[in-house]
Structure formats: C-alpha cells, structure tokens
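Readers should treat all values here as calculations from the given coordinates under stated rules, not as data from a laboratory. Just so you know, these numbers come straight off a predicted model, no measurement behind them. When we count neighbours, we look across all protein chains shown, and the Cβ atoms used for this are built from the backbone with ideal geometry, even at glycine.
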Amino acid sequence: MLEKRYNPKEVEAGKYDTWKSRGYFTAGDKSKQAFSMVIPPPNVTGKLHLGHAWDTTIQDIIIRYKKAQGYDTCYLPGMDHAGIATQAKVMEKLYKSGIDVTKITREEFLKKAWEWKDEYAATIHDQWKMMGLTLDYTKERFTLDEGLNYAVRKVFVSLYEKGLIYQGERIINWDPVQKTALSNVEVIHKDDEGAMYYFRYPIVDSNEALIVATTRPETMFGDVCVVVNPEDERYKKYVGMKVINPANGDELPIIADEYVDLEFGTGAMKCTPAHDPNDFLIGEKYHLEKPIIFNKDATMNEKCGKYQGMDRFVCRQALLEDIKAAGNFVKIEKIVHPVGHSERSDAVVEPMLSKQWFVKMRPLAEQALANQKGKDKVEFVPERFEKTFIQWMEKAEDWCISRQLWWGHRIPAYYNKHTGEVLVSMDAPKDMENWEQESDVLDTWFSSQLWPFSTWGWPEKTPDLERYFPTDVLVTGYDIIFFWVSRMIFESLEQTGKRPFKQCVIHGLVRDELGRKMSKTLGNGVDPIAVIDEYGADALRYFLTTNSTPGQDMRYIEEKVQASSNYLNKIWNSARYVLSVLPEGFKPKKVNKAELSPLDQYIINRLEETIKNVTLNMEKYDFNAASNHLYNFVYDDFCSQYLEMSKVALNSDNPKTKEVTEQVLYECLKDIILLIYPYTPFIAEELYLNLPEHLESIMLERYPIYNKDIVDASVNEEILTLFELIKDVRNYKIENKLAPNAKLDLSLNLKIKVFDDFVTYLNRFTFSTVKLIGEEILSMKGDLKVYPKANLLIVNEAGKEDMIKRLDAEIEFEKAEIERANRMLSNPNFISKAPEAKVNLEKEKLAKHEQNLASLIEKRNKL
RNA sequence: GGACACUUAGUUCAGCGGGAGAACGCUUCCUUCACACGGAAGAGGUCGUAGGUUCGAUCCCUACAGUGUCCACCA
C-alpha cells in the first residue's frame, strides 16, 4: 500500500543500485537495434552544477525512452581531464597546503593530479547516481586513460604526416598567469575601459613629428617601424624617412602599406610584429625584426631597459610619465574596447610570438562543410544551430594545440639532442638517450574531439565501434558548439570517414531567478544535490526538462520545482486511489471496445490521443510539449473527470460495468506511469511495482503505442456536453451562494444518448432528483432556472427574470457568432481562396450556431 | 562591425495563418470517503511599435525600438 503522501526520499532510495546491479544499464543485446550516446565528459575540476543536471537529464530521458521502445541503448559515461582548469586547481590546492609549487617536479605534480582526479571522479559518480542516469559503467572512459592516449597519439601522428599538424612561430594568445599558450576559443573578449594614447614620434633630422596612437604603450619597446597608407597625402612625403621611438630612442623607418586605415586614429600606426597579429603579417611582408619584449609572466624583459622586470601595466604607467616628461605626450582618449581574457585565469591575454604546434584548419573545415551538404550531415536540433556551426567553420583559423602544462597528453614529438631533428612518432625512439620528448601537452579539446569514437576503442576495429559508432544523438549546450561539437565533427570525418553523431540536440543555459548566468563570482549558483535533497531527483528532472523551449535558456525558479513535485504528488495519489479500488486478485485484460460506456470510451480516446501527442513530441526532443500533453491528460481528463465520474460505475450493481471501469482505470494509470517514466524514473518505478501485475522493473517495460483501433470519436461530443452541464450547475450554485454539496431538483432536456451511470452520477454528487423528460420540459410552468448551453432547467427556484437575462445573453452570443461566420462566408475571396476544409468548417459552425439560436429563442418565447 | 535569439496575463514562460494558453501569484467558496503538495469557480492580455503580404496576421515579410548572447585583430 502506498503512503498517503509522495515522499521522494523514500521512493528514490536504493532504486539506482538495484537497477545497476541487475545490469539494466549494460548494453549489448544483439537481438535489438543499437542506439548510442556518449555523455559530454564533465571536467574533473569539481562538482556538477545545474547545467550538467539539465544536460544529462535530457540524455537520460532519450535513452530511457529509446530503451522502452525496444532499442539496445548504450549511454557511455566518462570524464575529461580538463588540462588548464584542473592543473590550476591542483596547483592552488598544493600552494594552499604549503607546498612550494615552483620547485615541484612534473612527476610529483602528476601524482597529485591523479589523486585529485580520483577524488572528484567519486563525487561525480555520486551525482550521476542521484540523478538516476542510465549509464553503462562497463564502458566508462577517462580522456587521459591509456586507450584514449593511444588514439590521441594516432591522430597526432596521422595529421602530422598529412601536413595537417605543423610546428611554427606565430602570434598566439599567451596566458601570463597559467604561463601557457591558448587557442582562440579559450580567449574571452570583454569590453574593458582603456585608453588610446597619442604620442609624438619625432622625425629624424626634422622639427616635425608623427603622432601615433596606441592602446598598449608598453609594447613600444617591440616597435620596428611606423606604417602609413601609401595613398595618405599627409604622410606620403615622410615615407622612407625615420622617426624616433619615444619609448627608447630607437630610430624606426616609416614605411607605406595599404593595411593602414586612413580614417582610424592618426593614420600612422606603430608596428610591433611580435605582439600583434596584424603587425606580425606586416613584419613578415617586409622581413622585419620581431623582438619579443615580455617575459612569460608578462613582465618586461631585458629589451626594455630600465623597465625590465616591471609588470606590463606598471610599465605602461611609468612609461607614460616618462614620455610626458620628455615632451612627447599628446593626449589620452578614454575608450571602451574589447580586450582578450583567459577563459580560465581571467588574465589579460598577451598576443605573443611563440613557437607552438598548430592544426591546419582549412582542409579539415572544408571537409566538414562539404559533409554538411550531403545526406550524412549532422542534423542539428533546433536547426538554427547548424548556422552557428557553419559560420564558425567557414572562418576557422589554425588551431594552436600545444600547452605549456603538465596535465594532459604529452605531444608525441622528440627532438634529437645532437642534430635538433624533430621526430613525430607513436612511440619513443629506441635510442631515447639521444632524444628529448616535447615537454608540452595537448589542448584538452584535442582529446575531447575524439570522444565519440575513441571511447569505443578506435583506432582498433572493436565490436563496440562497429555497433555503436556513429552515435545516434549528442546532447550539449550551445556554448560549446565551437569548443567541442565542431571539432568532433571535423575530426571524426577526418579520422573515421563518418560523422560522430547523427543528431546534435542543443539546449540553452540555466540562469538564476533574475536571468543572470550562474557564476562563482556572483555566488548565485544552485547545487543540484541540495535541490534533490529537498524535492527529489524526479522533481528536479521534471522541472529541468519541461520548462523551456528547445535551444532556449531557462531560469531556475524554485517554485517551479515545487510545482513539479506537486504534480508528481498528484500522480502518486491518483495511483494510490486506483490501486485501492482494484479488487483483490485483479487481472489486467485488454480493454474491449464493445463493452465500453461512452464515458469509458471518451477517456480511452483521450488516452490514445495523449500517447500519440507525447510520442510525436518525444521524437522531436520537445520535452516541454510532450510533458504538457500528459499533464493535461492527468489533471483534466483523468483526475478531474474520469476518476470522479467512474466512482458511480464502481458502485454499480452490474458486475460487468464495474469490471470494465476497473480495467479502464488500470489502463490509464499504467500508461500514465509509462509515459512519465523517462522523465521521473524513480516515482514511476515505485508506482509500477505496486501495480497488480508487473515485470521485475519498469526498465523492462515497453513504451505505450498509439492504438487507433480502440478509438471511437463519436462519443466525444455528448461527453463534452455533460462536462458543460456540470460546469453550469457549479456556476449556478456559486452564483446563488449555495453550498457545493447542496441538493437541487433538476430536470433535463438532453438530446444525447443518456446512459445510466450519468444520471446516477448527477444524483450522487449534484442533485437530489433528476428527471429526464425530453422536449416537454419547455412547456413546464413555474419558476425556472435555465442554463441554456447545456439545456439544463432547474425547477423550484425563484428568478424568472434572471433566467431571461441569461437566455438573452446566450442569444446575443449566438448572434455574434452567426454574424462572424456569415461575414467570412459572404466574402467571395474567402470562399474562393481559403482551403475547402476551412470553408466547410465555417459552414458547419454557422449551421450549429443557427440551430442553437433557434432553440434559445424558442425557450425564450415560452417563458 | 557581423550573426542569432527574445519582446504574449502581476511574474516566469508555452503557443499559433482561421475565436489568446500553462504554472506560480491573486479573488471567492469548500477540510465531500485519491490528493489541502487538494478541489470548484473566477479576475487578469488592443500578443513591443509602424508598415507590408494575405480572403484573414499575435503568428509570415520589412523597418524601428528595447533586451540578451555569440562571433570579430582595426593600431
């Protein structure tokens, strides 16, 4: 027997372990069609947040739904080593525990990092468990494990041999806090307040000077020339002459190049090839020096004279003062301009010339773009995100993949200690004593991009790879399309010749109640575990997946979690009731259409319609729409209507009536449980196991299938008329300040196939006497109350005037409807251009309203 | 500078080429034997503004305004 109140803690306890230990999560039933998905591997940097909860719940719903449809589902778990992020966290922890992190060796650090990883992996496992994820733990992977490292090396070597990986000196984004290079997508551009500084660059052997503007005066130590546009009348005459760098007194040539915009600044641009990507190109073009002026921590280096050792921003200020003192300062303009910050450390990124490893993007991007035009393209859901992907691909620049870190896949390149030769190879050279391995590791995303295939054992042709790759769906947030989705696509095409997943379902971000992004600095993050603790995982899951449109952001609003919980309680109690009325020894039977009362038939119609609509929307991954259909069925049709009205039939003297009702109640309840199950597996399992007949677990059940043969829509209209009538009676009581349970004498004039249950129902819940007297009612004398819509007459009540008012109001309503329909139908354009079905519909409406009007007028006249 | 979203009830959000919906909140009533985490009834919206397409626009198109996000090397 179920508890009176739904208690998520009790319901959820132990279920996950039972499922897991029975092997329900383990894939491999070859008799079924495979359906696979990989989890986006969470970083081992900390606990999972609400965004993860949302992401994985969507995945789990899809998996449970597909499994219930008879697929051999495989949902592969795993985690990401998250290079920079994890290294930073581990370093911080070591630092706080008093360890001198500047003295630690690579090996010592890695040992600590693995300990860290184990600790956080355990936390993440706990959270997956609490969320109820159907993960196949027999296939769990970690991006740094041996097999994946093999795949990484394989890919690196293969790309290198094809010329798609190269080592080169280029301008990269330097994070001076982490002291590593970053890729472009790891740089966040923020609008910062800054200044445009204007300085005089005196022309050598002249009294004149060029005014040059810069936002980063400290880079002046790396200036090699001043550039003007060759068309610029102001400066033409100076080209070929020299100016003096006011920072250090160096003489710099004035050169001409079209790159310079005449309109911008003063039209004269300083050129710092080692610290600006555009200046670098000019430096290449004119074979200029490319002096680097920063140390790795972005302090000034030995090329900066007395400023050596100063922080770059301190130097900026000091230099400004010195230039002012020398009389070469012109002005400062405050500006707001985009400044690059490191995604992880938030430090201002310094563009810096550096020797790094790069992936050549154009060939890979072209391949991905071409595939997207074919039939094996990745289908984005919602579709618009394909555009995001394509646009990024179209302008993707070479990808800097080397990182000056320890935590990651070490680049499989070896330098000969004697000759300097570079060897890129899967394995270390035999004469390793003569070689030194590249100390850099790879960008985290280099291994994550292989995730959809490396996890199945690639490059080996394993049975799993054959069976589960390409995966069916990938679910992730739109914020990592650039980081991850696009890279998986081009790399999978390059390495396997196949797309990594057939569909890519994109969701938004969880925001706080005020619509702000959840962040550590704001302290507005919500811990999913705390929510589960209070409302249960089911309520959280239901809230997360039913409160937004696909691809749209969502706000976390606690009241809505509460509302979800209330809904589950509603289902719980309706189940409790149904189970309580099913007799001892109840045996479920297939519902026999011929035996159904109109009311039974109506609820079955609605049930089937609900199954159809829910399934339709599940297929589109529109969980909000799907759940709404079920919600409406549960509340309006099942609980408010059928459950109440069926009480009459359950008390019937006719055992057949009783039995059929029991079967219908059971059928509805079971399907509700099965339909809600992917969303809220714990409560669904609990209720399922309380059904009089059930399998070992709901996880072995089949998803309901729409059965059109059991539907008979012909009863709908009269049932809806009954509902209308009931509503009228309730309104009557409220308006007349009668108690809800007040008994009334009632006579009816229903032009419907009245069935016994209905009259009994009315007697029991609404009226003291009900007489069915047909058309003669219209000639009844005495005081009447009329609710014309439902053809209801209530006798022995004062208020003829009131009745007349009501009738008149109804008459007005019908007249307005008739006029509306007539207006449309008398429009020749509507008749000729609107679809025929639409026109017919209007004609039917018109006829119906005309009939209603006639009947109302008749009643009115007889009063 | 590009791109993409969003603007609908007090609030958070669905929806849709043919009579505006939900949740929460609010008002009134009800502890009747599934559920007060409940039930019944109700109030509340010229669907951002202006044009256009259409027989018909909240929905499609254009412009504008506001909000948000992403991309972008202008010194």
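Across the alpha-carbon set of region A:188-311, the Rg to Rh ratio works out to 0.96, Rh being the Kirkwood radius. For region A:468-570, list log₁₀ I(q)/I(0) at each q in 0.16 Å⁻¹, using the Debye formula over Cα point scatterers of equal strength and ignoring solvent, two decimals each. Each listed q maps to, in turn, -0.82. Working from label points 7 Å from Cα in the Cα-to-Cβ sense, the A:ALA122 to A:ASN278 distance is 5.4 nm.
Each residue of region A:103-111 is assigned a 3J(HN,Hα), and the resulting list reads 9, 5, 8, 4, 5, 4, 4, 4, 4 Hz, derived from the Karplus form 6.51 cos²θ - 1.76 cosθ + 1.60 (θ = phi - 60°), x at Gly and Pro.
What FRET efficiency comes out for A:LYS20 versus A:LEU841 if R0 is 56 angstrom and r is the Cβ-Cβ distance? Round to the nearest 0.05. Walk me through the numbers before you get to the answer.
Values: r = 54 Å, r/R0 = 0.96.
That gives a FRET efficiency of 0.55.
Between the Cα long axis of helix A:537-546 and the first principal axis of chain A there is an angle of about 80°, rounded to the nearest 10. Compute the acute angle (0 to 90°) between the alpha-carbon long axis of helix A:361-371 and the principal axis of greatest extent of the alpha-carbon atoms of chain A; round to the nearest 10°. Computed tilt is about 20 degrees.
Would you kindly state how much longer the chain becomes between A:ASP346 and A:ARG234 on full extension, computed as 0.36 nm times their sequence separation minus their alpha carbon distance, in nm to one decimal?
Values: separation 112, 0.36 × 112 = 40.32 nm, distance 4.11 nm.
Contour length minus the Cα-Cα distance gives 36.2 nm.
Using the Cα centre as the reference, give the magnitude of the dipole from point charges on the C-beta atoms of chain A (Lys, Arg: +1; Asp, Glu: -1; all else neutral), rounded to the nearest 20 debye. Don't skip to the end; give the middle numbers.
Details: 114 positive and 133 negative charges, 301 e Å.
Using only the charged Cβ atoms, the result is roughly 1440 debye.
For a footprinting-style exposure proxy, rank A:LEU669, A:LEU579 by other Cβ within 10 Å, fewest first. All intermediate terms of the calculation are to be shown ahead of the outcome.
Values: A:LEU669 22, A:LEU579 18.
Fewest-to-most ranking of A:LEU669, A:LEU579: A:LEU579, A:LEU669.
A simple charge model with +1 on the Cβ of Lys and Arg, -1 on the Cβ of Asp and Glu and nothing else charged puts the dipole of region A:225-297 at about 240 debye relative to its Cα centre.
On full extension, the segment bounded by A:LYS355 and A:HIS287 gains 22.7 nm, given 0.36 nm per residue less the C-alpha separation. Comparing Cα centroids, region A:627-704 and region A:123-185 end up 47 angstrom apart. Convex hull volume per residue, computed on the Cα atoms of region A:510-572, equals 81 Å³.
When a/c reaches 1.5 or more, the comparison of a/b and b/c decides; with that in mind, is region A:527-632 rounded, prolate or oblate per its Cα gyration tensor?
Details: a/c = 3.19, a/b = 1.59, b/c = 2.00.
Because a/c hits 1.5 or more and a/b fails to exceed b/c, region A:527-632 counts as oblate.
Of the peptides A:151-161, A:722-732, the ranking by mean beta-carbon count within 10 Å, highest at the top, reads A:151-161, A:722-732. With all projection directions averaged, the alpha carbon convex hull of region A:605-657 covers 4.0 nm². Once backbone amide H atoms are built at 1.01 Å from N, A:GLY525 has A:SER519 as its partners under 5 Å, excluding neighbours fewer than 5 places away on the same chain. Counting only Cβ charges, +1 for Lys and Arg and -1 for Asp and Glu, the dipole size of region A:617-699 around its Cα centre is about 140 debye. In chain A, helical runs assigned H by DSSP with n ≥ 4 each contribute -39500 (n - 2.57); averaged across all residues and rounded to the nearest 500, the mean residue ellipticity at 222 nm is -13500 deg cm²/dmol. Packing, as the average of other Cβ atoms within 10 Å across residues, places the peptides A:98-111, A:607-620 in the order A:607-620, A:98-111, highest first.
Between A:ASP145 and A:MET432, the FRET efficiency from the beta-carbon distance, with R0 = 30 Å, is close to 0.80. All C-alpha pair distances within region A:324-419, sorted into 10 Å bins from zero, spread as 10, 23, 27, 22, 11, 5, 1 percent across the bins.
Could you give the distance between the Cα centres of region A:230-250 and region A:412-458, to the whole Å? If you average the Cα positions of each part, the centres end up 47 Å apart. Pairwise inverse Cα distances across chain A, averaged and inverted, put the Kirkwood hydrodynamic radius at 33.2 Å. Helix A:756-765 and the longest principal axis of the C-alpha atoms of chain A enclose an angle of approximately 80°.
Under 17 Å from a point placed 7 Å out from the Cα of A:ILE480 along the Cα-to-Cβ direction: which residues of region A:40-71 have their backbone N that close? So the set is A:40-60.
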